[in-house]
1. Once you place label points 7 Å from the Cα toward the Cβ at LEU256 and LYS22, how far apart are they in nm?
2. Viscosity 0.692 mPa s, temperature 37 °C: Stokes-Einstein D of the range 80-132 from its Kirkwood Cα radius, in µm² per second?
3. With a 10 Å radius around each residue's Cβ, average the other Cβ atoms per peptide and rank 226-239, 13-26, highest first.
4. To the nearest 0.05, how large is the calculated FRET efficiency for GLU171 and LEU71 if R₀ is 25 Å and r is the Cβ-Cβ distance?
5. Suppose the chain between ARG111 and ILE31 were pulled fully straight at 0.36 nm per residue; how much longer would it get relative to their current alpha carbon spacing?
6. How much length, in nm to one decimal, is gained on full extension between ASP181 and LYS148, taken as 0.36 nm per residue of separation minus their Cα-Cα distance?
7. Can you classify the range 126-215 as rounded, prolate or oblate using the Cα gyration tensor, where a ≥ b ≥ c are the square roots of its eigenvalues, rounded means a/c under 1.5, and otherwise it's prolate if a/b beats b/c and oblate if not?
8. Calculate, for MET271 and SER247, the FRET efficiency according to 1/(1 + (r/R0)^6) with r their C-beta to C-beta distance and R0 45 Å; round to the nearest 0.05.
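Here, each number is a calculation from the coordinates, and none is a lab measurement. Just so it is clear, the structure is predicted and the values come from calculations on it, not from any experiment. Cβ: placed from backbone, ideal geometry, glycine included. Neighbour counts: every protein chain shown.
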Amino acid sequence: MKSRKDSELDIPGEIHARPVRKPGPVVAAIIVLIFALMLAHGIVTNPNFDWSTVWTYLFNENVLSGIGWTLKLTLYSMVIATVLAIILAVMRKSSNPVLRWVSWFFIWFFRGTPVYTQLIFWGLFAVLIPRLAVGVPFGPEFWSIDTKSVVTASVAAVLGLGLNEAAYLSEIVRAGIEAVDEGQTEAAQALGMRRSLIMRRIVLPQAMRIIVPPTGNETIGMLKTTSLVLAVPFNLELQFATNAIASRIYKPIPLLLVASIWYLVITTILMVLQAQLEKHFGKGFDRSSPSRGGKSAAIDRPEGETPVDAARMNKVKMGGLNA
């Protein structure tokens, strides 16, 4: 219904455009909803899933302990991997050819062999090298210790996961560093800043915007990779704990569901944290919205002109263009 002011404007040939109706999204939503309900009904009513056993062991003491160990392995491994990845990425960018080659060899070796194979080697580390010693190279030893007392199963698992992850993460960090405009480094050098200070204060803070999303994915991947530490052998994490219960009660499917539920819960929490980190490091780089400060940008108009007058003027202009 036209307002009184709008009815005063009699624009010849005015076009009253209406948006085209698009039933496609509605139809697609109905189809997806029907399939989702069918899937949910089948999962809930299928007696082979044995949901009563799932609820019985969902908060079992061994399962909760396994969750704790899984989180510890993920956290410790990612801390080692992140520190090593930054060092390796900086070494790859170094002007020293020895540092570049050492970094390249580390990445080549740990990316070129399966993580499961590496974990087996870390589990056999005490067999391969029974004692760790400090002394003169090819000469006398001053101090030594039994390797088994240092490289325990948990230490071997963390080292195996952390070193392998560092090789992948270092390439992500290097890509983030190279994405920062070289002109900013040159400008900082012109101001007399040291190379280490430029990397710490100029390059890395900007590279984090690019590094954080794939690092979040790597963290989620590490959470699930912890199930491979059985190769060490390390038998306290979540997957092994549920497998042990399944072997005892001869019901593998309900315990697989228990492990899956907990992995989904932890992954969801990590994804939320990742989104918050991306939001923090992406400040000032959001190109998805032209708005300013979360509100629509105001349209510049002459002083004293009301929004109604501006709308009428725009309508007149559009009518002229249509004519």
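1. 4.0 nm
2. The estimated diffusion coefficient comes to 258 µm²/s.
3. Working: 226-239: 21.1, 13-26: 7.6.
The packing order, highest mean first, is 226-239, 13-26.
4. 0.45
5. On the way: separation 80, 0.36 × 80 = 28.80 nm, distance 4.32 nm.
Fully extending the segment from ARG111 to ILE31 adds 24.5 nm.
6. That pair, ASP181 and LYS148, stretches by 7.1 nm at full extension.
7. Cα axes put the range 126-215 in the oblate bin.
8. Values: r = 32 Å, r/R0 = 0.70.
Efficiency, rounded to the nearest 0.05: 0.90.
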